[in-house]
Each structure stands twice: as structure tokens, then as C-alpha cells.
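To start, the structure under review is shown below, and the notes come after it.
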Amino acid sequence: MNLEKMKTSHLLLAIIGVAALLLFPVGITNPYYIHLLETIMIYAIVLFGLDIVVGYTGQVSLGHAGLFGLGAYTAGVLVFKLAMPFWVTVPAAILVTAGFGALLALPALRVSGPYLAMVTLAFGTIIQILINEMSFLTEGPMGIKLEKPELFGHKLDEREFYWVVVVLMVLALGVVHRILRSHLGRAFEALRGSPVASDCMGVSVYRYKVYAFVISAGFAGLAGSLYAYSEQYISPNSYNFELTVLFLLAVIMGGRKSRIGTLLGAAIIVLLPKLLDDVALFRYVSVALAVLVMIVAVIGIQRKRTTPAQMAIPVVGSIALAGLAFWLQTMTDWRLSIFGVIMLFVVYYLQDGIVGFVRKALNMRRPAPQIDAAVTGVSRADAVSVAANAGGAEALLEASGVLMQFGGLKALNNVDLTIKRGTIHGLIGPNGSGKSTMMNVLTGIYVPTAGAISFAGKSVVGRTSSDIALSGIARTFQNVQLFGEMTALQNVQVGLHLTFDSNLIDVSLHTPRYKRESGAAVQRGLGLLEFVGLEALAGEEARNLPYGKQRLLEIARALALDPQLLLLDEPAAGLTAPDIKELIAIIKKIREHGVTVILIEHHMDVVMGLCDTVSVLDFGQKIAEGEPAAVQADEKVIEAYLGGTAA
Ligand code: ADP
Ligand code: MG
């Protein structure tokens, strides 16, 4: 099929690429160029890791130059002090750096955005200072000299070491690609999409942030150790602020969440400074760039992907740059200005990087989800499993005396709630009456100020959201919380995260266990999409789905947890009449599978048609409870609702 063809052509391109890299020093013997390409590959390894943190989890790190330096110094010191061989220094550098990655993750657990940028920057600076000061180990500002390593008793020359770097870069590329395509990669990406939803799908934000930083740092360590051998000299001030900004720029410029983008970014940050040193070269490149931008613009406009107005500034800008190149006599005075202009250009026009820009202009879609993964014996009909104990009348969830106080406001005031297994329990009340707060308390997003909650005989209070999710409570959100950049299928697969036992090694090697688990996850994911009628949209990014479909997708994702209790927070809000009909049918099917449901809803017809019991909240207090018809006729309820609309 099409996908098969795409895979073969990708494989072919990859083989050609690797062959070209391997043959490069045979064709071009100038050591300067060999070293340049080697540096690009080493930077690319750092950037593979940085992209995990920046591109996938959506965190900022300005500490990666520090980690890179740490890797270089681990290798350097081991060689200098203990004459350790290559096969010891490189793994040691990876391990030490990964350990420091965990340290760098700690601030990321507490702060984000500009604050995290500051903290990680400080981290990088501290590492640089430590390297400088600990001269008994690192020789301080003098730096350490070392030679190319020995491998199997043979001392590598420039070219042979280049080949080692090629092999390790390709290995790193393969490993990072496999990690990011696996359940681990989906967990990282889910953090960016919605941390709250990740936690409520059993994907602990805490744990996966640390993982992301640790794995990312490991790559920086590998790159750093190779860099030490490549340069044959390391000194503290190589790993400075400028380098860390360049790394970040490379990921953004090349295009986050793309390995090709990363390679491009690495090439740009290595070559750009050289380019800005050389007027003749700059002229060639700026003309080539202008031509390229024009081609992309023409194709884009022809295919109606962009408008002439949108393309005007990039085209004019790149032509102006080329003009400037011919007008300039020397580059020295202009270097920094041109660098600044390029940065501005990237921030304004290439927010998805070069790869994202080209993809958009050429109307290329991201590769479809791995629907081609090994088909296992799991039948799609089993997607929603029938809960044990279905229909029993005992209480599945008991809340008593729940108080949730925000400052002086009692959002929940001494609420008791008993949910019987196998029922649909409605929770209604005017806006601001505390319904969503109740859900947040039940799923561990808020810890109640007072009161007890037990679910299936175990207390919920004080446990983390992901722990509660794994014990069988799944939910949707009043404001849809999907992982927007991930496809519908991937969203559901995040819910299936707990079905994976595979570790980093399984993922990297694609062991039978991983293949089995990922195949099963695809099948179940598709089954769940079918259950809510979204199978045709499996490959579509969640943010592109119509609103009604997004709500259904959230339900499918929640069901992936195989919950005993499903909390639906206003699932019909903003839906059209036919969508509401579909929703009612789906909720009925969910109950038939034995899943207990708490339903918050304003559409009275939905509540009346579905619920076995209804509880009514008003100003944080439960004012009525019982069968739907009785509650609807209750004086206090009528008054609360009328009061609610009048206010
Ligand atoms: P409902 O879902 O019934 O419309 P909510 O549970 O969202 O109502 O809100 C109940 C009350 O609690 C509101 O007055 C709301 O402003 C308040 N509230 C909810 N969450 C918070 C919070 N994190 N901090 C302060 N006040 C909150
Ligand atoms: Mg609400």
C-alpha cells in the first residue's frame, strides 16, 4: 500500500544518507571538512536529546551545554587521570550525565516557562564554574589534552574516528526515533498537550518529566564524550551560554519533533558562523536560499496552501538578504546584525522550523500512526471490556463530609455522595455550584480540606491523580483536554499506557514483548475509536477535529484506562442535536459494559433519559437526591435553578 511504499522510500533514503556519510572522507580528504561534518553529527546527537525535552515535553532547557560539557569532562578526566579506554569512557559519560539530567529535572517539576529557562541556565553556569574550579580533577582553565582513542588495540586516525562517530550517530538516531515513536514518546508528548490530562490517564507527569530529562541528558553525555576525542582538547569555556542558546535555536530552526529537522539544525549552527565569516560563500548561500524560498512559495500558492500575501515577506526578505550579500564588501561588521535578523525571521515565520515550513508548503502530512504495526490476535470487539461485578448494588464510591475550601469560599461544603456500581449517577446544579470541583477532588487534582472518599474500598484522599487513574477512575474534562498535536489514535493510546511493560531496552531493540504490546495497543486503540464512531479519523490530529468529535475522543481515551468508574463533565456542552443523540447512545453502551458513570450535565433531557439517580448541588451543598423525576419536581431544585439563571 501507500504506507508500504513510503516506508521503502524512507529506508532507501536512509541507506543513501548513511552511505554518503560513510563515503564522505573517501571522496573529500581535506581534514577540515571531515572535522566539520563530524562536529555536525556530534551536535546532532545532543539535539536528538534536546528535542525530547523541548519538542516533545514542551519544557525549556538552557542547561544542555552544561550537560554536554559534563560528558566531555567525564571522558576527558577518565582518560587523563586513569587512562581508561574508549569503551569505558563513553558509557561512563552517558551514565554520569544522565544522573545530572535527573538533577536538572527537579526544577522542571516545580516551575516552567521563563522561570525554568532561568533555573536551567543557572545549572549550566554552575557546571561550567565547577569544572573551572575543581582543578585537581579537571586541570581548571588549562583544560585537558587527549588523543584519539584506541579501539581493539588499534589507535584510530582522524578518518577512522569519523567513522566511529557516524556509526554512533546513526545508532543514536535509531534509538531516539524508536523511543519517540513508542509509548514513552507518547507519554512525553502528552505532557506538552495537557499535563492534567496526562496525570488523569495514569501517565505521571512527575515521572515522565524526569525520564525525559534523564534520557535527554544521556544523549548530551554521549555527544560530549565524542566531542572531547574529536577536538582532542577540552576547556571549561567551550560549554558556555552561547552554545546553549545555539542548541535551542537549532531545535527550533530545524523543526521540533523531527529528526531531519534536528540534523538540519545541527548543520546550520555549525555552518552559520563559518558562513558569516566568508562573504563569497555567503553570497552563494543567500542566492540559493532566495531561490529555494521562491520555489516553495510558488508551489505553496499553486497548491493553495498559502496566499501570495503570506509569502510576500519571506520572498522579499530572502531576496533582500541576497542583495545585501552582494552589496557588502566584508562581513565582519555585519555578522551579529545578520545573525539577529535570521533569528527574528525564524521566530516570526518558522515557528515550526524549516521542516514544518516545507511540510506545510508542500502539503505533506506527518507520517500516519503505526496502523501497520504487527497485528495480534486481539479482536477489536474486545476494546471495551466488561467489568467484573457488573450490576451489583453495592457502593463503588463513597464520599462523606467532603469540604473543599478555596480561601474563604467553600466550593464543596460537607457533601456526602454514594455511587452504586453499574449505575449512571447524575450530578446537576447551577454554574459554580461545585460540580467540577467534586470531579477534581475525586481524581486527586484537588486534595479536599476535610472529608473522606473511598473508591472500591480504598481511600482516594492524598493519592496522586495518576495513581487514582490506575486504580480505575477515568474522566473527561469540562474544557476539553486533548493532546492537540497528537492524532486521535495516539490520544487513545496514551490512555493505554498502563498496558505496556516494555522498558527502554525493549523499545530500542523492538523486542517481541514491545512488538506484542504495541500491536495490541493499536488494535485496542482503533477498537475504542470505533466504539465512539471515530475510526475514520484515527490519523487526524486531535486539534483539527470538530468540537463534538473532540468530546467523543476524550471519552474513548478515558475508556482506554479500562475504568470501573467514568466521570463525564458536561459531555454534551456545545454539541449539536445529532451529536447529543450519538452521545446518549454511547453512554448507554458504556453502562451496558458495566462501567459506572457519574454524569455532570445541564441538558435536562440527557440527564432524565440516562440517569438512575441524580444529586443536586447548590453553593457547594447537596440540596436534593433521588430518582430523576422526583428531583426534577423538587421545590428546592426548581428554586436553585431559577435563582441560578436569574443571577
Ligand atoms: P461548577 O462545575 O458546578 O460550575 P465549579 O466546581 O467549577 O462549579 O466551581 C465551584 C466554585 O469553586 C466556583 O465559585 C469557582 O469559582 C470555585 N473554584 C473552583 N476551582 C477553584 C480554584 N482552583 N481556586 C479558587 N476557586 C475555585
Ligand atoms: Mg463545571
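Tell me whether the stretch 106-114 contains one or more residues that are over 28 Å from GLY193 (Cβ atoms) and either in the same structural domain as ASP157 (by TED's automatic domain parsing) or surrounded by fewer than 19 Cβ atoms within 10 Å (Cβ to Cβ) (or both). No: zero hits. Of all residues in the stretch 7-36, those that are at pLDDT below 85 and hydroxyl-bearing (Ser, Thr, Tyr) total 3.
Any chance you could count how many residues in the stretch 289-331 are in contact (Cβ under 8 Å) with a residue 24 or more places away in the chain and not in a helix (DSSP H, G or I)? Within the stretch 289-331, residues that are in contact (Cβ under 8 Å) with a residue 24 or more places away in the chain and not in a helix (DSSP H, G or I) number 7.
Considering only the stretch 320-340, state which residues are under 37 Å from the mean Cα position of the chain (by Cα) and open to solvent by 80 Å² or more (accessible area, probe 1.4 Å). ARG335, LEU336 - these are the residues of the stretch 320-340 that are under 37 Å from the mean Cα position of the chain (by Cα) and open to solvent by 80 Å² or more (accessible area, probe 1.4 Å). Look at GLY261 and say whether it is closer than 28 Å to GLY99 by Cα and not assigned by TED's automatic domain parsing to the domain that holds LEU173. In short, yes.
The residues in the stretch 423-436 that are near ligand 1 (Cβ under 9 Å from one of its atoms), closer than 29 Å to HIS593 by Cα and surrounded by fewer than 23 Cβ atoms within 10 Å (Cβ to Cβ) can be counted, and the count is 1.
Which ones in the stretch 451-480 are in contact (Cβ under 8 Å) with a residue 12 or more places away in the chain, open to solvent by 10 Å² or more (accessible area, probe 1.4 Å) and within 16 Å of ligand 1 (Cβ to nearest atom)? Correct list: GLY451, SER465, PHE477, GLN478, VAL480.
For every residue, the table says whether it meets (1) within 25 Å of LEU396 (Cβ to Cβ); (2) within 16 Å of ligand 2 (Cβ to nearest atom); (3) of a type outside the set (S, T, N, Q); (4) surrounded by fewer than 22 Cβ atoms within 10 Å (Cβ to Cβ).
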position	(1), (2), (3), (4)
LYS549	no, no, yes, yes
LEU553	no, no, yes, no
LEU561	yes, no, yes, no
GLY574	no, yes, yes, yes
LYS581	no, no, yes, yes
ILE586	yes, no, yes, yes
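Restricting LEU599, LEU545, LEU552 to residues that are hydrophobic (A, V, I, L, M, F, W, C) and closer than 22 Å to MET438 by Cβ narrows the list to LEU599.
If you check GLN128, GLN59 for being assigned by TED's automatic domain parsing to the domain that holds LEU184 and within 20 Å of the chain's Cα centre (by Cα), only one passes: GLN59. The helices (runs of 4 or more DSSP H) falling completely within the stretch 1-98 that include 2 or more residues that are crowded, with 24+ Cβ neighbours inside 10 Å map to 31-51, 64-82.
Collect the residues in the stretch 438-465 that are of a type in the set (D, E, K, R) and over 30 Å from the mean Cα position of the chain (by Cα), keeping them in residue-number order.
Listed by number, the list holds a single entry, LYS458.
For ASN440, the criteria (1) open to solvent by 10 Å² or more (accessible area, probe 1.4 Å); (2) over 22 Å from VAL637 (Cβ atoms); (3) away from ligand 2 (no atom under 13 Å from the Cβ) hold in every case but one, which is (3). Counting the residues of the stretch 394-417 that are in a strand (DSSP E or B) and either of a type in the set (A, V, I, L, M, F, W, C) or within 35 Å of the chain's Cα centre (by Cα) (or both) gives 14. Count of the stretch 228-250 residues, restricted to those that are assigned to a helix (DSSP H, G or I), open to solvent by less than 10 Å² (accessible area, probe 1.4 Å) and closer than 23 Å to ILE34 by Cα, is 5. Screening the candidates ARG380, ARG365, ARG359 for the property of being modelled with pLDDT of 70 or more and not assigned by TED's automatic domain parsing to the domain that holds LEU528 yields one hit, ARG359.
The values are calculated or read from the model by the stated rules, or taken from the named source; none is laboratory data. Please read these numbers as outputs of a predicted model, since none were measured by experiment. Positions of Cβ are backbone-derived with ideal geometry, glycine not excepted, and every protein chain shown enters the neighbour counts. The area values use the complete protein model at the heavy-atom level, side chains included, leaving out ligands, DNA and RNA. Shrake-Rupley method; radii C 1.70, N 1.55, O 1.52, S 1.80 Å.
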